[in-house]
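Engineer: Following this message is one structure expressed as structure tokens.
Derivation of every value follows stated rules applied to the coordinates shown; laboratory data play no part. Everything numeric in this text was worked out from a predicted model, so none of it was measured. Glycine also receives a Cβ, built like all others from the backbone with ideal geometry; neighbour counts cover every protein chain displayed.
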Amino acid sequence: MNTQDVIRLASQYLDNLSGHIFDVLDISKPVTVDAALNLAKVISKLSPLLGNLIEFNTVEFLNKQN
């Protein structure tokens, strides 16, 4: 498979991840206003975690291809 084929395959795979649930973390509604404020301070730290999960998932998929 050439580079363009791999990029096309990875792009299709990423498109299909839309709506996918990574069953790793569960965030529930905060019980107090203070808890909501604390959650708002750390929620941005979830973005790198999610990015890494998408990356690892995509690499695993591509490694299974011929």
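Engineer: Go through Val59, Val42, Val31, Val24 for me and flag whichever is free of Cβ contacts under 8 Å to residues at least 24 places away in the same chain, out of contact with any strand residue (DSSP E or B) (no Cβ under 9 Å at 6 or more places or on another chain), hydrophobic (A, V, I, L, M, F, W, C) and not in a helix (DSSP H, G or I).
Structural biologist: Val31
Engineer: From Ser18, Ser47, grab the single residue that is assigned to a loop (DSSP other than H, G, I, E, B) and exposed (fewer than 11 other Cβ atoms within 10 Å of the Cβ).
Structural biologist: None of the other options fit; the residue is Ser18.
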